[in-house]
Structures are given as C-alpha cells and as structure tokens.
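The values are calculated or read from the model by the stated rules, or taken from the named source; none is laboratory data. Not measured: the values here are computed from a predicted model. No Cβ is skipped: glycine too gets one built from the backbone with ideal geometry, and neighbour counts run over all protein chains shown.
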Amino acid sequence: MMSSLRKNRPHSIFLFLLAVFTIVLSACGGSTSTPDKGSTTPDANQVLRFPNVGTADIGKLDPASGPDSNSNLAINMILTGLVKHDKDLRVLPDQANSWDVSKDNKVYTFHLRSDVTFSDGTPVTAQSYVYTWTRALLPEVKSPNAPVLEEAIVGANDVITGKSKTLSGVKALDDHTLQVNLVRPTSYFLQVLTVSLFYPLNQKVIEKYGQADWVNNVAGSAIGTGPFVVKSWQHAAKMTFVPNPHYYGKKTRLKEVQMSFLRQIPTAFKSYQAGQFDFTWGISSTDQLQAQNIPGFVRKPVLESDLLFFNNKTAPFDKAAVRQAFAAAIDKKTLAKVVFHDTVTPASTIIPPGMPGAQADYPGIPFDPAKAKSLMKSAYPDLSKVPPISFSYPSSQVPPELAEALQQMWQENLGVKVKLNGMELTTYNAATTKRTVQFGFTQWGVYFPDPYEWLDLSLLSTSANNNGNWSNPEFDKTVAQAEQTSGDARLALYAKAERIAIDNVGWLPIDHQSQAAIIPDKVHGLTLNSNGLYFGDWSDIYMTK
C-alpha cells in the first residue's frame, strides 16, 4: 500500500532537516486541472510518455492481489467494470447500462451492454462477472482484499472457507442480466463496484496460464475490457500500451502510452525537465519549491494518509502503552513544517478531511514528550529491557529526512533507539503481506470515499490487510454495528470506531496528503482529483504540438 543513521544530534531536529522529498502532498492551493491552452493542432505521433513514480515495477497486476496505487495505474488502463467514477467520485454506468434495486436494498439487478468484449473479441456476459467475483474468493488465489470487499455478498464466506466453489449470491439470469444478493443493505455497494477487483477477467487467459502466472503473460493477452492492451512489459523498466481495438467505449486518440518505472522520486522530476516525459507527478516537497514556478504545475488535496503500524503480537508493541508512547513522542507539526515544507497537513485522525464521517477536530494522541516518557516507563521501567526495534518502510514513500526525524524524536522523547530499514516498494509490500514487519509504514488511499475503506479493510481483526495484527473487540463490534445501520447513525458509529483505533493505536496517523503534478498545455484532458491522477475513460486524453 520504504538511510543512514544519525545519532546523538544536539537540540532540535531543525539542525539537520534540510533537504527532503516525498511522493504525496497536502491540502494546499493550486488548480484541479490543466486548462487547454497553447496549440490546438493535434500531434501526429499521439504518444504519451509518463513516469510511474516511486516503484521499480508493477508489483500487483492481479486485481485480486490487493494492488497498490502504482499498480492501479496500469490495471485501470486495461480493465473496466459495471460502473465507474467521474472526476468527483460520483458513480456512473459503464458496462452496466442501468440497474434496479429491491425495496429492501438487498438485491441489485444489473442490465449489461451487449457490445462489451474482451480485447480478443470474446463477449463479456453476466457469467464473466460470476466467474471473476467467485475466483477472487477462492482459497488458492489468496486475495487479501476480496474477503472484505465481497463480504456483503450472499455465499462469500462459503467460497472463502472452501465449502463451495459457487458464489451463491451472484447469478447470471441471462447473458446480459446480473443479479447480486446481499446479506444486508450496503450503502456503499455501488461505490465498491468501482474497485478493479470487480472488473471482469477473461477466464480463457487465466485457465491457459494459471491462477498465479497469467499476470506474467499479460503482454499480448486479451485479459481485459479497457481502452488499452499491454503491448510489452520490460520488467523494472517500462510498460507500453496500445489502444484496444475491441473497446466498447469512445476510443482514445492516443496511438501509444509509455509508462516508465522510476523508483527514485526526484528522478522523475529531473527526467521531465530533461524532456523525457510529457508530464510528471508525485513531485517531492523540496522539488515543488522549483516546480511551482513551472507552467502546468498543479496541486490538489487527496484522500490519502501516511500512517504507522505496529506488530501487536510481539514485544514491545504488544503493550498499548508503548504504542501510545511512540505516538505522543512525534511532533507532527514540526514534521509538516520542516520536513514537508507545509505541503502536508498534520494528522490527528486516520480518516482525512473531505471524507464522509471525517473528525477533523478530534485531537487524537497529541505531542507530549513528558506523557510519552511516562507511558514508556509504565511498560518498561528499565529502558535497557526494551527489545530491539526496527522501523521498516518503503524508501519511495518515506524520505530519509522523515525517517531520521522520527528516529531522533523517539530517541530524545522516549530514550529508545530505533533502527531504520528502508526497502524497495514491491519488496516491502511482500513483507507486509507476510506480516513480518515489526514496525512499519502505510500510505493508505481510498478506492472509494467511505469510512468502510479506512477501518474495515485494514483494522478489523479478520482483515487480511491488518498488517500489524491489531485486534480490539470493541472496535470490531462497533464496526459491525455501523454496517447494520445507515445514514448519520452509521457515520456516528464509524466515528466511534475510528476514535477507538486512534486511542489504542491500531494505526498511528502522521499526515494527510495532496498530490502535485506538472501537466503542460500540450497534454489535454488529464486532471487531478481527490484520488490523484484522473484520466477518465482516456477518450479526452490527447497531445497537441
């Protein structure tokens, strides 16, 4: 969803926090789109080149694998589904022309377009959805997100536990009519269908290459229904896309898209300045000082937060007092000002502003060095008895200055030494999936704007994304109650659950972010929204001279 140690530095961290970079930014000014200015003459080549910033490769191309935001850039070019988001995150029809909802809000009937095919011309039918949604729940697929995203569908648990190979709540009434039965009214159900997990996959391709290996054969394979197909995939270098000749929607004007993988964030900005890319994004806070004077610079708040997690199953983080001590030892305002140059908002809550149910005024665990030391001493009166602590993180998302600032705060305010362990993003994601990280970092953004996204998916005791093994019965109970209600009562229960998670440090929020990009006049149709880069259905994206 990562540095050298600096020890015994005197006085304030201001002495060493000089240069910094980060992939995400916060609620600052800037427009939300790039105006169409300059030449109106279309470029004859229509080739778009851009960086996939902060990753060495596409790590999770299978939608059932719980893709990170870098992987989703590729997934959303080659796959589409029943519904889609517009730039304001409203749900619109896509492969489903329309749908009906029963009076009890538990049965959804989708009426599919008849002209949708995979990129080899194979028709997409209601059965394609039955296959894809069932497949994601199969034990052998080992999906971390399907059990939670599909938990409201009748029969999902039977497939998860291996009792059935049939997802009984999803039925193909005919080729173009899909019926979904839910165990309870689910207010976010249409929103959740915008997640790529629910996009149909070509059964023939998966059966040909296998449940795990098909992603390694995606180039030239007709796996999806999106506006593009993968022409080539040079691992750790570049993925190249060309238009899908069978795409049912309005066709893109582009002839080719070249997505290059750049692990180091500052490299993307430098490469853009050198003319290697047509636009760039994920600009570090330091580089923004220069970038904000470049034509096409844009910045917008995004629904994304930086958070820390602890392995609650092992010492010292099996003690709530220790987790609370680490939280109280962090001066988030100083981090925002000195490390991030005020391009992030210090976070006292998990859910960021702009989300339904956000609690912007909740103080959380405030910075209090005396309280932090007292909490630490209550758990470990003799600090020499504290077990060794290693803070692991993806280097593309946590700049050295941030890691070192946190390390020094914990040293100064707790008297505890923390080893830093920066890792490449895909390697780090693999470690968190295996739950081998003692103390880690999460950059969490939403699939859709609902508290369910923040709390159910990663903090429930049963969630596969619960990388810190955090478990709180009161939290689980409150979330379950929220999902049995609706409207303001539901949001109030989620607010209560979030406070439990903050106070007991299921997650430790650091900051809420924004996204920054340079989108010059020659690139038309591309904007930023609260999820980051927004390409729409790609039909409005084109290049001018």
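Key figures for this structure:
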{"item": "Candidates L73, L89 - the one that is outside any loop (DSSP other than H, G, I, E, B) and surrounded by 16 or more Cβ atoms within 10 Å (Cβ to Cβ)", "result": "L73"}
{"item": "Hits in the stretch 532-545 - residues which are in a loop (DSSP other than H, G, I, E, B), more than 18 Å from I78 (Cβ to Cβ) and of a type outside the set (D, E)", "result": "K545"}
{"item": "Evaluation of L112 against (1) closer than 27 Å to L138 by Cβ; (2) surrounded by fewer than 23 Cβ atoms within 10 Å (Cβ to Cβ) (one fails), failing number", "result": "(2)"}
{"item": "Answer from K417, K477 - the residue that is modelled with pLDDT of 95 or more, in contact with a helix residue (DSSP H, G or I) (Cβ under 8 Å, 6 or more places away or on another chain) and charged (D, E, K, R)", "result": "K417"}
{"item": "Matching entry among D521, D476, D488, D503 (being touching a strand residue (DSSP E or B) at 6+ places or on another chain (Cβ under 9 Å) and either under 20 Å from P147 (Cβ atoms) or not β-branched (V, I, T) (or both))", "result": "D521"}
{"item": "Search result, residues across the stretch 430-442 that are buried (at least 23 other Cβ atoms within 10 Å of the Cβ) and either at pLDDT below 90 or of a type in the set (G, A, S) (or both)", "result": "G440"}
{"item": "Selection within the stretch 213-239 - among the hydroxyl-bearing types (S, T, Y) and surrounded by fewer than 19 Cβ atoms within 10 Å (Cβ to Cβ)", "result": "S232"}
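Table: residues versus (1) under 22 Å from A501 (Cβ atoms); (2) in contact with a strand residue (DSSP E or B) (Cβ under 9 Å, 6 or more places away or on another chain).
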| residue | (1), (2) |
| --- | --- |
| V302 | yes, yes |
| N311 | yes, yes |
| P316 | yes, yes |
| I330 | yes, yes |
| L335 | yes, yes |
| D342 | no, no |
| G364 | yes, yes |
| K371 | yes, no |
| M376 | yes, no |
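Every residue, every condition in (1) surrounded by fewer than 20 Cβ atoms within 10 Å (Cβ to Cβ); (2) assigned to a loop (DSSP other than H, G, I, E, B); (3) at negative phi, yes or no:
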{"residue": "K419", "(1), (2), (3)": "yes, no, yes"}
{"residue": "Y428", "(1), (2), (3)": "no, no, yes"}
{"residue": "L457", "(1), (2), (3)": "no, no, yes"}
{"residue": "D476", "(1), (2), (3)": "yes, no, yes"}
{"residue": "I502", "(1), (2), (3)": "no, no, yes"}
{"residue": "V505", "(1), (2), (3)": "no, yes, no"}
